[in-house]
Amino acid sequence: MDFVLSEEHQMIRKAAKDFAEQELLPGVIDRDEHQYFPEELIRKMADLGFMGMMVRTEYGGAGLDTLSYVLAMEEISKIDASAAVCMSVNNSLVCWGIQEYGTEEQKQRYLTPLAKGECLGAFLLSEPEAGSDASAQHTTAQDCGDYYLLNGVKNWITNAGIAKVFLVMAQTHPERGSHGINAFIVESDWPGVKLGAKENKMGIRGSDTRSVTFQDVKVPKQNRIGEDGFGFKFAMKTLEGGRIGIAAQALGIAAGAYERALRYATERKAFGVPIAQHQAIQFKLADMATRIEAARMLVWKAAWEKDQNRPFGLYSSMAKLYASEVAMWVTIEAVQIHGGYGYVKEYHVERMMRDAKITQIYEGTSEIQRLVISRHILQQHG
Ligand code: CAA
Ligand code: FAD
């Protein structure tokens, strides 16, 4: 076992840190307040190779491993969790899904521009009545010979307003349940695709979240991913990797809030000494640092398992569950350490606290992660 990062991994982490501090930090409060994320910043992230980190170089990606990806995600999330989720969806849901399960034609046509960041992707599984219960899909994809006819509504879709490539799950054979679901690549400007208004959210307010309606959208058969009925398994396998990305996002939010709290505690004086000299504050910092390190080990472990081509679903759920709970707890404590200053926007930690909450909800709530983990461990037990 080796916990020392290679020179290449250290360089990637530094590149992400420098980018986040120089390019994302200025304006992060304004973007949160006014709910936007400039295209120019997405361009810069793409130029650094952050939009297709694990995509093979032959498809325009950076050809890096999952550990590189989580290191970059942590650094970006320390500063701007909205930028991080845009990156996470593109990398670990959309690019990875197409790279693993797409045809050569789909890779040439969609993966290459996605990996280069020339366009963005979105992952459309959730529906108004199918969130945690993802197999209860109401969106239908009727088989019409050369094409499928897509009808229905998806909601809470990250990147919906800025993405060109939609990975859409829909039900083709309702009588087969989850085995009747298919996954499709749909272009956002095809006739019949309609975007809802931007959601006005508690956190990750820079991230574009909308519903998407499909009305008689014709999807060519060659845009189906995998065999007929593979869509649910496709979504589940893809989410196994996605959850490592969200775990890294949660870790980054926690680590960013902790770093701010640590700095503040050494600067702010109360009762004649820096508050870091009060044991109550020291113990908070000790617990924050310990939980963050434990979360980091779980995130790295999940990334390592994936990079070794070993089954990693158990570890990605553990990492996502634990890191998101740590993010919520640490950010609340970071606000507490800042006292009244923590309650205003200029000190960043209140935004981090709002941003942390989503990591316990999307890509499977904490309850769903516990369900997945318990299924794994009971299955292993026999
Ligand atoms: N890999 C391969 N196959 C899998 C699988 C996996 N990880 N998980 C399930 N399957 C297969 C099962 O083996 C089963 O197939 P068989 O019938 O052939 O055995 C089939 O899929 C159905 O599985 P389950 O019976 O376990 O399905 P379920 O209805 O009990 O649901 C669930 C399982 C884990 C709760 C699943 O519905 C789930 O993950 N829900 C959460 C949804 C979610 O995470 N949504 C995220 C949306 S994307 C997002 O949120 C992005 C973002 O914010 C940025
Ligand atoms: P529900 O499933 O209705 O759950 C409500 C509550 O019941 C939760 O606490 C849940 O844990 C609990 N619960 C449900 N079932 C069980 C059970 N069996 N056991 C115990 N507890 C249970 N989806 C996408 O497809 N693509 C995206 O890009 C995307 N981005 C998102 C961005 C944001 C900002 C948000 C808010 C959501 C996003 N989602 C996306 C949707 C997200 O994945 C779902 O919100 C999430 O999976 C939960 O589904 P739900 O909201 O329908 O809650």
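Yes or no, residue by residue, for (1) among the aliphatic types (A, V, I, L, M); (2) modelled with pLDDT under 95; (3) assigned to a helix (DSSP H, G or I); (4) surrounded by 15 or more Cβ atoms within 10 Å (Cβ to Cβ):
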{"position": "Leu298", "(1), (2), (3), (4)": "yes, no, yes, yes"}
{"position": "Ala302", "(1), (2), (3), (4)": "yes, no, yes, yes"}
{"position": "Gly342", "(1), (2), (3), (4)": "no, no, yes, yes"}
{"position": "Arg354", "(1), (2), (3), (4)": "no, no, yes, yes"}
{"position": "Glu367", "(1), (2), (3), (4)": "no, no, yes, no"}
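For segment 173-205, enumerate the residues that are basic (Lys, Arg) and part of a strand (DSSP E or B).
Within segment 173-205, Lys194 is the sole residue that qualifies.
Pairs needed: first member in segment 272-298, touching a residue at least 40 places away in the same chain (Cβ under 8 Å); second member anywhere, outside any helix (DSSP H, G or I); C-beta distance under 6 Å; at least 6 residues apart or different chains.
Ile275/Arg268
Kindly indicate whether Tyr264 is closer than 19 Å to Tyr362 by Cα and hydroxyl-bearing (Ser, Thr, Tyr).
No, not satisfied.
Under 8 Å between Cβ atoms, which residue pairs at least 6 apart in sequence (or on different chains) link something in segment 15-31 that is outside the structural domain of Tyr347 (by the TED database) with a partner that is assigned to a helix (DSSP H, G or I) and open to solvent by 50 Å² or more (accessible area, probe 1.4 Å)?
Phe19/Lys44; Glu23/Lys44; Ile29/Lys345; Ile29/Glu346
Restricting to helices (runs of 4 or more DSSP H) lying wholly in segment 76-158: which have 1 or more residues that are without any contact (Cβ under 8 Å) to a residue 60 or more places away in the chain, among the polar types (S, T, N, Q) and open to solvent by less than 20 Å² (accessible area, probe 1.4 Å)?
Of the helices (runs of 4 or more DSSP H) lying wholly inside segment 76-158, those with at least 1 residues that are without any contact (Cβ under 8 Å) to a residue 60 or more places away in the chain, among the polar types (S, T, N, Q) and open to solvent by less than 20 Å² (accessible area, probe 1.4 Å) span 96-101.
How many residues does segment 229-257 contain that are touching a residue at least 60 places away in the same chain (Cβ under 8 Å), more than 16 Å from ligand 2 (Cβ to nearest atom) and surrounded by fewer than 22 Cβ atoms within 10 Å (Cβ to Cβ)?
So the count comes out to 1.
If you scan segment 42-63, which residues turn out to be among the hydrophobic types (A, V, I, L, M, F, W, C) and surrounded by fewer than 20 Cβ atoms within 10 Å (Cβ to Cβ)?
Of everything in segment 42-63, just one residue is among the hydrophobic types (A, V, I, L, M, F, W, C) and surrounded by fewer than 20 Cβ atoms within 10 Å (Cβ to Cβ), namely Leu48.
The values are calculated or read from the model by the stated rules, or taken from the named source; none is laboratory data. A quick note: this is a predicted structure, and the numbers were derived from the prediction, not measured. Every residue, glycine as well, gets a Cβ built from its backbone with ideal geometry; the counts of neighbours run over all protein chains shown. Heads up: the accessible areas ignore ligands, DNA and RNA and are worked out on the full protein's heavy atoms, side chains in. Shrake-Rupley method; radii C 1.70, N 1.55, O 1.52, S 1.80 Å.
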